[in-house]
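Below you'll find the structure, written out as structure tokens, and then a few comments.
The values are calculated or read from the model by the stated rules, or taken from the named source; none is laboratory data. What you see is a predicted model, and the numbers here were worked out from it, not measured in a lab. In this analysis, Cβ positions are derived from the backbone assuming ideal geometry, glycine residues included, and neighbour counts consider all displayed protein chains. All accessible areas refer to the heavy atoms of the entire protein, side chains included, with ligands and DNA or RNA removed. Shrake-Rupley method; radii C 1.70, N 1.55, O 1.52, S 1.80 Å.
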Amino acid sequence: MATSTVSRARRPAPKVRRPEQRVRRQLATSPWLFAAPGLLIAGAFILYPFVSTLVNAFTDRRTLIPGRFVGLANFRELLNDDMFWIGLRNSTLYVVGVVPALVVLPLLLALLVQKNIPGITFFRSAFYTPVVASIVVVGLIWVWLLDERGLVNSLLEAIGVGRVGFLSDQWLLLSSAMAVTVWKGLGYYMIIYLAALANVPRELHEAAAVDGAGAVRRFLTVTVPAVRSTMVLVGALSSVAAFKVFSEVYLMAGPSGGPAGEDTTLVMLVQRTGTGLTGRVGYASAISVVVFVVTVALMLLVLRADRRDES
Amino acid sequence: MSVLEKVRPAASRPAVAREPRVTDEHGRRVRAGELVLRYLLLLAVLALTVGPFLWQLSTSLKGPTEDIFSSPPKFLPGDPTLHNYERVADTIPVWDYALNSLKVATANVVTNCAGSALAGYALARLRYRGRRAATLAFVLAMLVPVEGIIIAQFTTMRELGLNNTLIGVILPGCIGAMNVLLMRNAFLNLPYEIEEAAYVDGADVWQRFLRIALPSVKGTVAVVAIFAFMGAWDDFLWPLIVLSDPSKFTLTIGLNYLHGTFAGDERLVAAGTIIAVAPLIALFACLQRYFFRGVGEGAVKG
């Protein structure tokens, strides 16, 4: 989206230029009046904090103490900080665990709700409900469902599996949080896929059917190639979001990140080290820089993979 | 064009109701076996996606004497009561929190609609030195991951003396860069001829913006409004960082506080979550068409 918006600004249709120029003479200051509030907010609360994060990462700034320049000391400390490696591990695992599910499952769901059978609008809306609900509500609902005595365990006991400590074991807890992320994201990506599926020419399916391809075969040879670029988009969006996960894990594992902090993610670590009266702003900024670098790298990786497939 | 319109081009076709046969979007008959399988799958997914909300609702309606941990589980409350909703209000000022959330969300809707429409118009329709730089600033702002800059946002807010205030909660997201670019694209898609006519008639730039351009992009404004409301009502990380005084909490932070302090009583937490989610589900039910359009416009044009 970014590239298309910029490039479109560069080539205005020639016939519109004249009235626009007259407008400029008429009211020289108003364009900036129009753009000023937006620029002010974006500048003061997004771009300035971004730059100051980059600067703070090289200082020992604390919440109440202005920082001194310390060079790469924060980053050197990161390398020896067990908690940082735990956070990096968990955030990376999150991408690995969540992204494949969010690329594939919503596509299958979109195929399920694509056909216009009676009541389908209701189902589409209902499947979107988890997207609308606040992450806090979603987190608390699942904490209750996965509780030692909660619904899921009651059902598991009723069918003879026995109770499982979803929220007490470090790995089960992380997997449960991933499942919740997938559960909440399904509807959102389903709608994106629905829009893509609507553009797949029906003739392709018919041609494949005439050739004797079954449903699975048609899915693999017609549907998947047709929505491939959407799959890449979903992969990019979901991997960046998954790496920055905070709320699900924070709510399910608690502020300290589960047993011995083993479920801490990178953004949880940023929040924990950087806030409060003794917050280490400089150190938290260094972790933030790692978050930036990895998310940009993830984007590039996914987009590269896309381009290589095409050639 | 909305996603749903694309997906079901013949939505208003009444044939389905009259004929016993079910046909798909191309008028072809759907086989009964396939249809049954489809509905079974749909119902299974329905249970998975909506079931947890209903279970929460059921828990919130169960009285103090009812066993909420029974196995096999009891899906319907034996003696439904609203008592937990009263108790949650005794435990935390849940209605004050809801009011705070409402203030934040309403402010966000107003500032986002006004601010992004103004800026979007400036980027799409006005010509001046530095327009490309302004566009670039919004694109960059859109790309910056919020999770990475929260600490710096927090220190910025402290420097402004706005920590622990609702203004502080509102400000960083009050004119989203994404919304500005959405509005810009909407204005770009309008034909110039209409505004030109108004210009010839002597309308100045504000008149053309307010009377002609803005009414023509109402759909996009609605999308911005809905997502601004939902984003503000649902936000968790930023209010968690900026608010420290429990009397100023928004609903999401208040719920987390309730959960942390009174984790023992699931009925209370359940009632709290239902209070938080009910308005959004109601809003969504009324405006679902715009929601789907918003997702389509926000992500598919990539």
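Whenever you get a sec, line up B:R31, B:R87 from highest to lowest accessible area (probe 1.4 Å, protein heavy atoms). Write out the running numbers ahead of the final one.
Working: B:R31 175, B:R87 65 Å².
Final ranking, largest accessible area leading: B:R31, B:R87.
Once the other residues with Cβ under 12 Å from the Cβ of A:F84 are scored (Lys, Arg +1; Asp, Glu -1), what is the net sum? Present the calculation step by step, with values, prior to reporting the outcome.
Numbers: positive: A:R76, A:R89, A:R272; negative: A:E77, A:D81, A:D82.
So the surrounding residues net to 0.
Within 10 Å, count the other beta carbons around each residue, average over each peptide in A:159-165, B:187-193, A:106-112, A:188-194, and list them highest first.
Top to bottom by mean Cβ count within 10 Å: A:188-194, A:106-112, B:187-193, A:159-165.
For labels at B:L48 and B:L210 in the simple 7 Å Cα→Cβ model, what's the distance in nm?
Using points 7 Å along Cα→Cβ, the separation is 5.2 nm.
Mind checking the mean number of beta-carbon atoms from other chains within 10 Å of the Cβ atoms in A:47-58?
Neighbouring Cβ atoms belonging to other protein chains average 5 per residue here.
For the range B:220-269, what does the convex hull of the Cα positions come to per residue, in cubic angstrom?
Dividing the Cα hull volume of the range B:220-269 by its residues yields 92 Å³.
Applying 1/(1 + (r/R0)^6) with R0 = 35 Å to the Cβ-Cβ distance of B:R31 and A:V164, what FRET efficiency is obtained, to the nearest 0.05?
0.30
What does the helix-only formula give at 222 nm for chain B: each DSSP H stretch with n ≥ 4 adding -39500 (n - 2.57), the total divided by the residues, and the result rounded to the nearest 500 deg cm²/dmol?
-21000 deg cm²/dmol
When a/c is below 1.5 the answer is rounded, else prolate if a/b is larger than b/c, else oblate, so apply that to the range B:158-302 with a ≥ b ≥ c taken from the square roots of the Cα gyration tensor eigenvalues.
Prolate, because a/c is 1.5 or more and a/b exceeds b/c.
Take every residue in peptide A:264-273, count the Cβ atoms of other chains within 10 Å of its Cβ, and give the average of those counts.
3
In whole Å and largest first, what semi-axes does the C-alpha gyration tensor of chain B yield when each eigenvalue is scaled by 5 and square-rooted?
Values for chain B, descending: 40, 33, 15 Å.
In the P(r) worked out for the protein assembly as shown, what percent of Cα pairs fall beyond 46 Å? Can you show the working numbers first?
Numbers: 36413 of 187578 pairs.
Within the protein assembly as shown, distances greater than 46 Å cover 19 percent of Cα pairs.
Among A:G254, A:G187, A:G38, whose mean-square fluctuation peaks in a Gaussian network model of chain A (Cα, cutoff 10 Å)?
A:G38
Label chain A by shape, choosing from rounded, prolate and oblate, from the square roots a ≥ b ≥ c of the eigenvalues of the Cα gyration tensor; if a/c is under 1.5 it is rounded, and otherwise prolate applies when a/b is larger than b/c, oblate when it is not.
Note, shape of chain A comes out oblate.
On the first, second and third principal axes, largest extent first, how far apart are the outermost C-alpha atoms of the range A:56-118 in Å?
Principal extents (Cα only, largest first): 66, 24, 16 Å.
For chain A, return all DSSP H helices satisfying: extent of Cα atoms along own axis at least 30 Å; mean Kyte-Doolittle hydropathy at least 0.5.
Working: long enough: A:82-114 (47 Å, 1.63); A:170-197 (38 Å, 1.25); A:281-310 (44 Å, 1.24).
The answer, listed by residue number, is A:82-114, A:170-197, A:281-310.
At a 1.4 Å probe radius, carbon and sulfur cover how many percent of the accessible area of chain B?
About 64 percent, which is the carbon plus sulfur part of the accessible surface.
Mean-square fluctuation check for chain B, GNM, Cα pairs under 10 Å: which of B:C113, B:C286, B:C174 is largest?
Among B:C113, B:C286, B:C174, the largest mean-square fluctuation in the Gaussian network model of chain B belongs to B:C286.
Of A:P49, A:P37, A:S91, whose Cα points farthest to the positive end of the dipole of chain A (charges on the beta-carbon: +1 Lys, Arg; -1 Asp, Glu; origin at the Cα centre)?
Checking the options against the dipole of chain A, the answer is A:P37.
Taking a 1.4 Å probe, which of B:H259, A:H205 shows the most accessible area, and what order do the others take after it?
Working: B:H259 35, A:H205 55 Å².
Heavy-atom accessible area, descending, gives A:H205, B:H259.
Taking the mean number of other Cβ atoms within 10 Å as a proxy for protection, how do you rank A:217-226, B:205-214 from highest to lowest?
B:205-214, A:217-226
Compare B:L268, B:L140, B:L255 in a GNM of chain B, Cα atoms joined below 10 Å, and give the one with the largest fluctuation.
Of B:L268, B:L140, B:L255, the Gaussian network model singles out B:L140 as fluctuating most.
What is the distance, in nm, between label points placed 7 Å from the Cα along the Cα-to-Cβ direction at B:L190 and at A:A207?
4.2
Roughly how crowded by other chains is peptide B:61-68, in terms of the mean Cβ count from those chains within 10 Å of each of its Cβ atoms? Can you show the working numbers first?
Working: counts 0, 0, 0, 0, 0, 0, 1, 5.
Counting other chains' Cβ atoms within 10 Å and averaging over B:61-68 gives 1.
In terms of solvent-accessible area of protein heavy atoms at a 1.4 angstrom probe, what is the ranking of A:M178, B:M183, highest value first?
A:M178, B:M183
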